[in-house]
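Have a look at the structure below before the remarks.
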Amino acid sequence: MNDQTITDAFRKLYEARRNWAQASEKTIAIRQALEHERAARLMTGEIVGKNEAEREARARELLTNLYLELEAAERDERAARLAHDLAKIEVERLDYLLRWMALPKSS
């Protein structure tokens with residue numbers, strides 16, 4: 001292990017955290033767009049139904065693309081979080097190795 005190994009691990013952690021943040025922002029933006037469009041369609045009377053289940057079914061029918069985009073964004077966000085968690089585990093592993101290497105060795 002050398003300084004480049006440690007630098008690379010921290011760089012991967014940094015990039016993973018940035019990617020996770022970007023994926024989270026994308027999910028939020030799509031969810032807001034979906035909620036806005038759903039509210040607009042409720043106001044115009046395009047989304048109707050006797051109960052919430054019927055209204056939800058109608059919304060999914062009318063806004064299929066936004067629901068699919070949201071599902072994809074949520075999937076990407078979960079993958080980005082996993083990549084971050086794995087990069088964090090690698091940084092922690094290197095930390096433990098460095099500590100172990102620094103321990104006095106018994107003869």
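With a cap of 15 neighbouring Cβ atoms within 10 Å, and only residues DSSP puts in a loop, list the trypsin sites (Lys or Arg not before Pro) found in region 23-90. Filter output for region 23-90: K50.
The calculated FRET efficiency for R75 paired with F10, based on their beta-carbon distance and R0 = 35 Å, is about 0.85.
Here the gap between A39 and T64, fully extended at 0.36 nm per residue and compared with their Cα-Cα distance, gives a gain of 7.5 nm.
Taken about its Cα centre, region 3-102 carries a charge dipole of about 100 debye when Lys and Arg each add +1 at the Cβ and Asp and Glu each add -1 at the Cβ.
Hey, if you drop one equal point scatterer on each alpha-carbon of the chain and run the Debye formula without solvent, what base-10 log of I(q)/I(0) do you get at q = 0.13, 0.20 Å⁻¹? Taking Cα atoms of the chain as identical point scatterers yields -0.64, -0.97. Relative contact order of the chain: 44 percent, from C-alpha pairs under 8 Å at least 6 residues apart in sequence. What the phi angles of region 62-77 give under the Karplus curve with 6.51, -1.76 and 1.60, with θ = phi - 60°, is a coupling list of 6, 10, 3, 4, 5, 5, 5, 4, 5, 4, 5, 5, 5, 5, 5, 5 Hz, glycine and proline written as x.
Every number here is computed from the coordinates shown, using simple stated rules; none is lab data. Worth saying up front: this structure is predicted, and the values here are computed from it rather than measured. Note that we place each Cβ from the backbone using ideal geometry, even for glycine, and neighbour counts take in every protein chain shown.
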